[in-house]
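What follows is a set of notes on a single structure, which appears directly below.
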Amino acid sequence: MTEVTLGKALGAGLRQAMRDDDKVVLLGEDIGKLGGVFRITDGLLEEFGAARVIDTPLAESGIVGMAVGLAFRGYRPVVEIQFDGFVYPAFDQIVAQVAKLHYRTQGRVKMPITIRIPWAGGIGAAEHHSESPEAYFVHTAGLRVVAVSNPEDAYRSLRQAIASDDPVVFFEPKRLYHHKGDVDLEGSLADAPPMGLARVVRPGTDATLITYGAMVTTALQAADAAEDEGISLEVIDLRSLSPVDYDSVAASVRKTGRVVVAHEASREAGVAAEVIASITERCFEYLESAPLRVTGHDIPYPPAKLEKYHLPDLDRLLDAVDRVLDRPNSLTGADV
Amino acid sequence: MSPQITPIADTAQDLELAERILAPDGSRRANSRLDPFVADVDAAQLRSLHRDMIILRRIDAEGVALQRQGQLGLWAPCQGQEATQIGTARAIAPQDYVFPSYRETGVIYARGAEPGDYVRMWRGEEGAGHDPETLRVAPLQIIIGAQTLHAVGYALGIRHEGADEVAVTYFGDGATSQGDVNEAMIFASSYQAPVVFVCQNNHWAISEPVALQSQYPIAGRAPGFGIPSLRVDGNDVLACMAAMRWALDHARAGRGPAYIEAVTYRMGPHTTADDPTRYRDEAELESWRRRDPIARLEEYLRAAGELTEEHISETQAAADLVAKEMRAACLGMETRAPMAVFDGVYAEPHTGLDRQRGEYAAYLASFEGAA
């Protein structure tokens, strides 16, 4: 085990994937000499050369469209979209081309493309630099969607995404890029849990708190705080948003009977809505109370000075926990 | 003068700006730039090009008929564009890879499509009509211009491998307004990718005239990206073949991308769903009837004493046979079983979809024995 930051773990994952398979090529803006604006690709140009670490013109649709052509040619392109809010110009290439070509051709054309997206808010960034677009891609058949929350997961999942014959939209929580954790850099992919599995980050018995990405950290803080009040929260990191590992989710819900799903993304038609609908279909009879969502508001991502009012924090999570546990909460008032 | 807000340049009419070898009346013109590329084309090869154009026109007519008879959901006719499609596609080597739009029936014909390949997608049986690897042609693209980027990415792969191959992409005049097409030209130029862009300027993007897309001859844009271009008479099969050989040679020699604007005309509707009489006048259509690509080559061959009745009747019989096989393949297609809707979405198991598949299978099974 080596202690590295999430950002370094991603770089190590890219390096290992490129060493394992010479068909892996990287494409993106500023990923060469600069090493990416977040330095994730630092040092890769020196090791693998400009034919495999390809600096591109500033055109996101062009980058993803090029990756499609490379995939036709048998490559495994890994695309870096510089920021979450910049993925929209590439939307057609992702949802209408990357996602569909395998289906259109009955599997005769594979699209093993990994689309890395530095993602979500909390770093005081400028407009278009803090978006949570994951639901658009979860809603698109043919894509897999992964969101990582820690260095070990980042390292392993990225290699799995690149090795997958399916296209993967890979979300990297940029506010955790500098968070450290132990990573098994020598570990074999064969021994690792599959990319699509959720993970119980913290076992508990009273309610299940389901989330992903940087919100996992907030959820763990909430679980610590709840424990001080004698409440045992189980925290699940979904890790994969398409598919969602409903077997793990349902196992937890059957144990606790109470559910809160949290994410930074806006609420309407978001991942939490889907997860709760599926929980209701699968284990309605185990539910002791209505599952709740804690999400970003249905607003454009606010200016940096206001983002703290948009992002679900510890207190909003705990308020929702109180509600699913029928404890005094913001709706009932503390005096009830 | 009030501000001019309607297109002012009539690039549609600047037909004399195009390179040609065969004049509209079928007479042959010396063209120092293009002639060397078709010096080897003898009368037998010209008859073969003529044959291909006749067969393509027949395939296209059959496609329209099958749609009118309710056998196809849609068809995108290419009547009038036979010289552009056959002339360019016949120049492409077997190892090259083509990224077409939805109108390139003649290109997949020239690449060896099977009769059913022309209709399978339009009939709604499969997402792609042909096997991309067999023809070395990507599935027909409906999103305007998206395929041009795919060709550049593919060409980048060719370049990295040093392979003796070229990627070719086809698109219409309307596509030149798309960001993807412009991005494709930038990327192709930046990486000196071995890719050939073929713009079939057929004058109309559904009801929008080419002048709305471009105030300047379209081929004139490419040099601004650092890409050499040729504007050819798209109804002159010999000029199209010569231009394509020039472009392919250029790309194959490692000199980067090349661009062809073939100035042609779509005689029919954009697709079987629209009515061109609402947006273009009969006089324009009539002027293009006089530029018919097949009649032009016939005139040339006839004047040269190279068009025999035997060739004409054999060609007609061959065209009828292809159309007959196409119709038989179309009518004989068996729609796959309901569960096939789930096939091929993912290359690897996806638990979310697998669950839906299971639910739908159980639902279908619930009907068994119900009656």
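The values are calculated or read from the model by the stated rules, or taken from the named source; none is laboratory data. The structure presented is a predicted model; accordingly, all values stated were derived computationally and were not measured. Cβ atoms come from the backbone with ideal geometry, glycine included; neighbour counts cover every protein chain shown. The accessibility values were calculated without ligands, DNA or RNA, using every heavy atom of the protein model including side chains. Shrake-Rupley method; radii C 1.70, N 1.55, O 1.52, S 1.80 Å.
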Inset, instruction - Per residue of region A:220-230, in order, report the coupling 6.51 cos²θ - 1.76 cosθ + 1.60 (Karplus, θ = phi - 60°) as ³J(HN,Hα) in whole Hz, putting x for Gly and Pro. - result: 5, 4, 5, 5, 4, 5, 5, 4, 4, 9, x
Legend entry - Per-residue mean of C-beta atoms belonging to partner chains within 10 Å, peptide A:103-112: 6
Legend entry - Simple spin-label estimate for A:His139 and A:Ser289 in nanometres, 7 Å along Cα-Cβ: 3.0
Legend entry - Normalised contact order of region B:198-335, rounded percent, pairs of Cα under 8 Å and 6 or more residues apart: 26
Inset, instruction - Using a 10 angstrom cutoff on alpha carbons, build the Gaussian network for chain A and name the most mobile of A:Gly187, A:Gly65, A:Gly124. - result: A:Gly187
Legend entry - Cα-based Rg of chain B normalised by 2.2 N^0.38 Å, two decimals: 1.05
Legend entry - Relative contact order of region A:1-78, defined on C-alpha pairs under 8 angstrom at six or more residues apart (%): 32
Inset, instruction - Determine the distance separating the Cα centre of region B:225-274 from the Cα centre of region A:165-240; give it in Å without decimals. - result: 54
Inset, instruction - Name the residue, out of A:Ile115, A:Ile276, A:Ile162, whose mean-square fluctuation peaks in a Gaussian network model built on chain A with Cα pairs under 10 Å. - result: A:Ile276
Inset, instruction - Scan around A:Val168 for amide H atoms under 5 Å from its own, H built in the peptide plane at 1.01 Å from N, and keep only partners 5 or more places away or cross-chain. - result: A:Ile113, A:Thr114, A:Ile115, A:Arg144
Inset, instruction - For region A:126-274, give the share of DSSP beta bridges that are antiparallel, in percent and rounded to the nearest 5; count only bridges with both residues there. - result: 30
Legend entry - For A:Thr56, residues with placed amide H under 5 Å, excluding near neighbours: A:Gly28, A:Glu29, A:Asp30, A:Ile31
Inset, instruction - Order the peptides B:84-92, B:216-224 from the highest to the lowest mean number of other Cβ atoms within 10 Å of their residues. - result: B:84-92, B:216-224
Inset, instruction - Please go through region B:326-371 and write out the GluC sites (Glu not before Pro) that DSSP classes as loop and that have at most 14 other C-beta atoms within 10 Å. - result: B:Glu334, B:Glu368
Inset, instruction - With no solvent and one equal point scatterer per Cα, compute the Debye intensity ratio I(q)/I(0) for region B:201-260 at 0.30 Å⁻¹ and report its log10, rounded to two decimals. - result: -1.16
Legend entry - Spacing of the two label points (7 Å from each Cα toward its C-beta) at B:Gln356 and B:Asp35, in nm: 6.2
Inset, instruction - Go through region B:270-278 residue by residue and turn each phi into a ³J(HN,Hα) via Karplus (6.51, -1.76, 1.60, θ = phi - 60°); whole Hz please, and just put x for glycine and proline. - result: 4, 9, 5, 8, 10, 10, x, 5, 6
Inset, instruction - Just subtract the alpha-carbon distance of A:Glu127 and A:Thr332 from 0.36 nm times their residue separation and send over the number in nm, one decimal. - result: 70.2 nm
Inset, instruction - Give me a single rounded figure for A:45-55: the average over its residues of other chain Cβ atoms within 10 Å of their Cβ. - result: 1
Inset, instruction - Find the eigenvalues of the gyration tensor of the Cα atoms of region A:253-319, then list the square roots of 5 times those eigenvalues as equivalent ellipsoid semi-axes, largest first, in whole angstrom. - result: 26, 13, 6
Inset, instruction - Could you estimate the translational diffusion coefficient of region A:1-95 from the Stokes-Einstein equation, with Rh from the Kirkwood formula over C-alpha pairs, at 37 °C and 0.692 mPa s, in whole µm²/s? - result: 242
Inset, instruction - Starting from the Cα of A:Lys8, draw a straight line to each of the lysines and keep only those under 24 Å, dropping any in the same chain fewer than 8 residues away. - result: A:Lys23, A:Lys33, A:Lys174, A:Lys180
Inset, instruction - May I ask for log10 I(q)/I(0) of chain A at q = 0.09, 0.10, 0.16 Å⁻¹, from a Debye sum over the Cα atoms as equal point scatterers with solvent left out? - result: -0.47, -0.57, -1.37
Legend entry - Interface B:A - total buried accessible surface [probe 1.4 Å, Å², rounded to 100]: 3600
Inset, instruction - Considering only DSSP beta bridges where both residues belong to the protein assembly as shown, give the percentage that are antiparallel (nearest 5). - result: 15
Legend entry - Point-to-point label distance, B:Leu212-A:Ala50, nm (Cα→Cβ direction, 7 Å offset): 4.2
Legend entry - 41 Å tail of the calculated P(r), the protein assembly as shown, as % of Cα pairs: 39
Legend entry - Whole-Hz ³J(HN,Hα) from phi, Karplus 6.51 cos²θ - 1.76 cosθ + 1.60, for region B:90-106, glycine and proline x: 5, 7, 6, 6, x, 7, 6, 10, 10, 10, x, 8, 6, 9, 8, 4, x
Legend entry - Net charge of neighbours whose Cβ lies under 12 Å from the Cβ of B:Gln85, counting Lys and Arg as +1 and Asp and Glu as -1: +1
Inset, instruction - Compute the Rg/Rh shape ratio of region B:257-371: radius of gyration over Kirkwood radius, all on alpha-carbon atoms. - result: 1.22
Inset, instruction - Rounding to the nearest 20 debye, state how big the charge dipole of chain A is about its Cα centre with +1 on each Lys and Arg Cβ and -1 on each Asp and Glu Cβ. - result: 1040
Inset, instruction - Run the numbers on chain B and let me know its relative contact order in percent, using alpha-carbon pairs under 8 Å that are six or more apart. - result: 25
Inset, instruction - Quote the Stokes-Einstein diffusion coefficient, in whole µm² s⁻¹, for region B:325-371, based on the Kirkwood radius over alpha carbon pairs, a temperature of 20 °C and a viscosity of 1.002 mPa s. - result: 164
Inset, instruction - Starting from the amide H of B:Gln141, placed 1.01 Å from N in the peptide plane, find each other amide H under 5 Å away whose residue is 5 or more places distant or on another chain. - result: B:Ser101, B:Tyr102
Inset, instruction - Determine the sum of side-chain charges near A:Thr205: Lys and Arg each +1, Asp and Glu each -1, restricted to other residues whose C-beta is under 9 angstrom from that of A:Thr205. - result: -1
Legend entry - Histogram of C-alpha separations across region B:34-78, 10 Å bin width, %: 26, 31, 21, 16, 5
Legend entry - Cα lying deepest toward the dipole's positive end in chain B, options B:Ala18, B:Ala151, B:Met267, charges on Cβ: B:Ala18
Legend entry - Per-residue mean of C-beta atoms belonging to partner chains within 10 Å, peptide B:150-163: 6
Inset, instruction - May I ask for the net charge around A:Leu331, where only other residues with Cβ less than 10 Å from the Cβ of A:Leu331 are counted and Lys, Arg are +1 while Asp, Glu are -1? - result: -1
Inset, instruction - Take every DSSP beta bridge with both residues inside chain A and express the antiparallel ones as a percent of the total, to the nearest 5. - result: 20
